[in-house]
Amino acid sequence: AAVVWAAAAAGSLPVDAPVPALSGSVEIVQGDGGAVKTIGSLPESVAHVLTVDDNSLIVAAERRQVYVTTVLYRVELNSGKTRRLVGEQQMSVPMALKNGSVVYGALSQEAASRAMFFSVRRVDTDGKITTLADWLPARGRVYVNGDQVSYIGTEVRASIWKIEGPSKLPDAVRVPPAFAAVGVSDHGALIRKEDGLLGGQSLYTWSGARQ
């Protein structure tokens, strides 16, 4: 089976140059049975392959300046043709769905104080962007389990928000009192509890997230 990866290539300016396109590039490389070929390149310094299907792949690139900006690209495997899908400041780790779309959390475009709230957005392989949910606790992370999309914020008593789509408000799954959610999967959730004055933390699994 073929393996596809992103490899850094030297640019004409140092890595910390203010213009990302001049500080280096990323080559998309495919290896199959010992033969290695370059499919295409991106004007970015740091990137990784997010998802691959029969015809194309999605690459996530990071521009690490004052704020981290994440840019998603679609690269065709046969021609190497590249299309920029979306770029967002402070994007959470993007996650791929089974159909090739990508979901992620990013700054709300509706809130007066954007830094206080996040949206969950989906970008399809054709570049169409849909806001699935808005006004969520800021700086959280998206989780994908099959077709189920969930979001967990960074507040002290973080809940699990189940994202159903733009036509329905997200449901908050409240974890047990004194706990905070830190992760979720199809088997349940990982929750955290502070251990008193010593400042330690204990982690537990919780099956209530599957309800």
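The values are calculated or read from the model by the stated rules, or taken from the named source; none is laboratory data. Because the structure is predicted, anything quoted here is derived from the model rather than measured. Counting neighbours? That spans all protein chains shown, and the Cβs are built from the backbone with ideal geometry, glycine included. Ligands, DNA and RNA are excluded from the accessible area calculation, which covers all protein heavy atoms including side chains. Shrake-Rupley method; radii C 1.70, N 1.55, O 1.52, S 1.80 Å.
Contact order for region 1-151, expressed relative to its length and based on alpha carbon pairs under 8 Å spaced 6+ residues apart, stands at 13 percent.
Rounded to the nearest 10 square angstrom, H187 shows an accessible area of 140 square angstrom against a 1.4 Å probe. Remark: accessible surface ordering of E44, E88, E194, E76 (largest first) is E194, E76, E88, E44, probe radius 1.4 Å. Across the chain, the volume of the C-alpha convex hull divided among the residues equals 169 Å³ per residue. Ranked from largest to smallest solvent-accessible area, with a 1.4 Å probe on the protein heavy atoms, F117, F179 come out as F117, F179.
Counting only protein heavy atoms and a 1.4 Å probe, region 91-211 has 54 square angstrom of accessible area per residue. A protection proxy built from the mean count of other Cβ atoms within 10 Å ranks the segments 63-73, 28-38, 150-160, 77-87, most packed first, as 150-160, 63-73, 77-87, 28-38. Think of the chain as a dipole: +1 on every Lys or Arg Cβ, -1 on every Asp or Glu Cβ, centred on the Cα centre; then among S207, V49, G24, S207 lies furthest on the positive end. Compute the projected area of the convex hull of the Cα atoms of region 56-107, averaged over all viewing directions, and report it in nm² to one decimal place. Directional mean of the projected Cα hull area for region 56-107 stands at 3.8 nm². Figure note: V93, V144 ranked by solvent-accessible area, largest first, 1.4 Å probe, ligands and nucleic acids not counted: V93, V144. Computed over region 123-211, relative contact order equals 19 percent, with contacts defined as Cα pairs under 8 Å that lie 6+ residues apart. Overall, region 124-174 carries a charge dipole of about 280 debye about its Cα centre when +1 sits on the Cβ of Lys and Arg and -1 on the Cβ of Asp and Glu, all other atoms neutral. Charging the Cβ of each Asp and Glu at -1 and of each Lys and Arg at +1, and nothing else, the dipole of region 5-160 about its Cα centre rounds to 240 debye.
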